Amino acid sequence: DIEIHNVSVFGKEFWIQAYFETFQLNGETHILLLMHDIMEKKRAEEEIRKIESKYKLIAENTEDVIWILDLVTNRYKYISPSIFQLNGYTAEEMMNIDAREPITPESKEYIAKVMPRRIAAFQNGIEEVYPDEISRFHKKGYVVFAEVKTKFLKDSDNGNILILGVSRNTT
C-alpha cells in the first residue's frame, strides 16, 4: 500500500494510491495491482493544512489564551502559548496538569455550581457562549483574574464533552 506522486508527460500533477497483493494461481506467483486516484483527497488535505496553519498563527500570536479542555480527563487538549503571560506556566506544563489545579477555591466553587446546568443545557441541544470571571494562581503564587468565554463542543474522536475557551487577563 503506497501513495505515488508524479507528473504526467503532459505536465499534469497526479497522486495515486496503489495496493500490491501477491497470490498463487496454478503454482505460479502473480501480483495483483489496484490503483486509485487520490488527487482530490490530496487537494483536500493541503487545504486543511493551509487552514490549520492560519488558525495556528492566530492562536499562537494573540495575547488572549485560547484553549480546549476535555471535561472527562480535566486535561487541556490544546492551550495557546500565551498562557505563560497569564499565569506563568508554559503550554506544555498546563497540558500535563489537571486543569483545576491552578484555579482558586472561590472560582472552583463557582464552576462546580454552574457546570452541571451548562452541561445539561448542552446535552439538550442548547449552544451558548458563557462569559465568566475566574481567578487563578500564577505560578509564582499570586492571584490573577481572567475574563473567560466558553462554549461546549463534542469531541469527534471519543464523544467526550469539550470546552472551547478564550481567557483574557483582567488583573
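Things worth noting here:
- GNM flexibility winner over the chain from SER80, SER53, SER135 (Cα, springs under 10 Å): SER53
- When chymotrypsin sites (Phe, Trp or Tyr not before Pro) are flagged only if DSSP places them in a loop and at most 13 other Cβ atoms lie within 10 Å, the longest unflagged stretch of the chain comes out as 11-141.
- Between SER82, SER107, SER156, the GNM of the chain built on Cα springs shorter than 10 angstrom shows SER156 fluctuating the most.
- If R0 equals 45 Å, the separation of the Cβ atoms of LYS140 and ALA44 corresponds to a calculated FRET efficiency of about 0.45.
- Spatially proximal lysines relative to LYS41 (Cα-Cα < 21 Å; intrachain offsets below 8 disregarded): LYS12, LYS50, LYS54
- A simple spin-label model places the labels of THR170 and GLN24 7.5 nm from each other, with each point 7 Å out along Cα-to-Cβ.
- Sites HIS5 and PHE84, calculated FRET efficiency, Cβ-Cβ separation with R0 25 Å, nearest 0.05: 0.05
- MRE, 222 nm, helices only [DSSP H, n ≥ 4, -39500 (n - 2.57), over the chain, to nearest 500]: -9000 deg cm²/dmol
- Loop-located GluC sites (Glu not before Pro) in segment 17-93, at most 10 other Cβ atoms within 10 Å (DSSP): GLU63
- Stretch gain in nm, segment MET35-ALA121, where the contour uses 0.36 nm per residue and the Cα spacing is subtracted: 26.1 nm
- Whichever lysines have a C-alpha closer than 26 Å to that of LYS140, once near sequence neighbours (fewer than 8 apart) are set aside: LYS77, LYS108, LYS149
- Only protein atoms count toward the accessible area here, which uses a 1.4 Å probe; on the chain, the carbon and sulfur part of that area reaches 56 percent.
The values are calculated or read from the model by the stated rules, or taken from the named source; none is laboratory data. The model shown is predicted, which means the values in this text are computed figures rather than measured ones. Using ideal geometry, Cβ is built from the backbone for each residue, glycine included, and neighbour counts are taken over all protein chains shown. Please note that ligands, DNA and RNA were not included when accessible areas were found on the heavy atoms of the full protein model with its side chains. Shrake-Rupley method; radii C 1.70, N 1.55, O 1.52, S 1.80 Å.
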